[in-house]
Amino acid sequence: MRAIVVTPGTKDSIRLQEVDPPAPASNELLLRVLRVGVCGTDRDIVAGDYGQAPPGAPYLVLGHESLSRVEAAGDEVRGFRPGELVVATVRRGCPENCLNCRSGESDMCLTGHYTEHGIKGLHGFARDLAISDYRFAVKMPESLSEVGVLLEPLTIVEKGVSQSFKVQQSRMAWKPRQALVLGAGPVGLLATALLRLDGMEVSTVATRSEESLKAKLVEETGAKYVNAKKTPIPTLATNWDLVLEATGSTPIALEAENLAGVNGVVCYVGIYRSEVETSNVGVSLTNLVLGNRLFLGSVNANKTYFERGTEDLVRMEQKWPGLLKRMVTKKVPPERFTEAYSPGDEEEIKAVVQFS
Ligand code: BGC
């Protein structure tokens, strides 16, 4: 069967390769993969900057954003039937079974020895058949068969937003009204939709024109689109209750520090490179303290966010029919994987590889 693989650490080693079908253990689902999405993490792995093969394996099968159907189930599996639509979560707990992994929060793993499908020590879903422990798989309604592949990127903002609320509401009475989303890639757009679902006033900033698809999708949710080329980020208001940094750009992430209002939160969900030096750390830190501001980092998402995200995808489909589908701007068969893994044109949002 077909698999999209890399040799981790080797730049541009991505290839389509014949591999043996996986043999599910008794607690595992055998999954017929429908689609995998491609994100910045995949591109970092392809560039050789990230990623780790399973122990003893000469390659890593890519793909952590997925949508599949159950093909078969091991003896111990409960609650799943062949044909059902599922999304498998990404991370599995550490061998030490630390406090958080043991509590179902491997996204908060203490040892760092967790594994991640398609990223770190576990093969991913970019193959015709894949496997996942059934306890880490979430069912999707058939109504999401077109857009369920967006669940994994949505879970990243589900967690960031939910943890921002948890922390803020545990330290004060916090009723945020205005949110600023930096970036209108899949994560920024999904964050915009999620915050709009609950009625926040949202402004979303990106560098595309007001006529671009990204701008249109932002506006269809009732959020305001801000073209950063005309309104540079440092000229924006500085009183946002919640700033969600989803560009992954270090200079923008530094600018984001100054945008939260008194008692506001800046939530970071990107992976930032260390190429930028900053000279005004003291100003930012003083601002942080004097305004009771919170800088919060958030990575990965456990099953509860996948469950909540599934409900929110349904709500988004109901509120803005067809909006999510338009975020998937490229769909290619595995044989044309290079088109999905190389950066697309100006209008590209989410590229997916369609296996079946
Ligand atoms: C994935 C997360 C993962 C992170 C770091 C992201 O692209 O969505 O699930 O934890 O990369 O590996």
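The values are calculated or read from the model by the stated rules, or taken from the named source; none is laboratory data. In this text, all values refer to a predicted model and were calculated from it rather than measured experimentally. Don't worry about glycine lacking a Cβ; one is built from the backbone with ideal geometry, like all the others, and counts go over all protein chains shown. Quick note on the areas: whole protein, heavy atoms, side chains included, nothing else; ligands and nucleic acids left out. Shrake-Rupley method; radii C 1.70, N 1.55, O 1.52, S 1.80 Å.
On the beta carbon distance between V281 and R171, with R0 = 22 Å, the FRET formula returns roughly 0.40.
Which is farthest toward the positive dipole end of the chain among P141, F306, Q178, measuring Cα position about the Cα centre, with Cβ charges +1 (Lys, Arg) and -1 (Asp, Glu)? Positive-end residue among those listed: Q178. Near R171: Cβ cut-off under 15 Å, other residues only, Lys/Arg at +1 and Asp/Glu at -1. The net charge is +2.
Bridges between two residues of the chain, per DSSP, are antiparallel at a rate of about 50%. So how tilted is helix 281-290 from the main axis of the chain? Cα-based, degrees 0 to 90, rounded to 10. For 281-290 against the chain, the angle is about 80 degrees. Across the accessible surface of the chain, with the other protein chains kept in place and a 1.4 Å probe, carbon and sulfur atoms take up 52 percent. Summarising the label geometry, the points placed 7 Å from Cα in the beta-carbon direction at E307 and D44 lie 2.9 nm from one another. When +1 charges are put on Lys and Arg Cβ atoms and -1 charges on Asp and Glu Cβ atoms, the dipole computed for the range 15-158 relative to its Cα centre reaches about 100 debye. Modelled label positions at T207 and K230, each set 7 Å beyond Cα in the direction of Cβ, lie 1.8 nm from each other.
Helical content of the chain, expressed as a calculated mean residue ellipticity at 222 nm, amounts to -7500 deg cm²/dmol (DSSP H runs of 4 or more residues, -39,500 (n - 2.57) each, divided by residue number, nearest 500). Placing +1 on the Cβ of every Lys and Arg and -1 on the Cβ of every Asp and Glu, with no other charges, gives the chain a dipole of roughly 560 debye about its Cα centre.
Between D20 and D345, the simple spin-label model (points 7 angstrom out along Cα→Cβ) gives 4.4 nm. Sites listed here are GluC sites (Glu not before Pro) in the range 70-141 whose DSSP assignment is loop and whose Cβ has at most 15 other Cβ atoms within 10 Å: E76, E96. Among A88, A130, L242, which residue has its Cα furthest toward the positive end of the charge dipole of the chain, with +1 on Lys/Arg Cβ and -1 on Asp/Glu Cβ? Working it through, the farthest residue towards the positive pole turns out to be L242. Helix 151-171 sits at what angle to the longest principal axis of the chain, using alpha carbons and giving 0 to 90 degrees rounded to 10? Once rounded, the angle reads 40 degrees. Summed over the residues of the chain and divided among them, the accessible surface reaches 43 Å² per residue at a probe radius of 1.4 Å.
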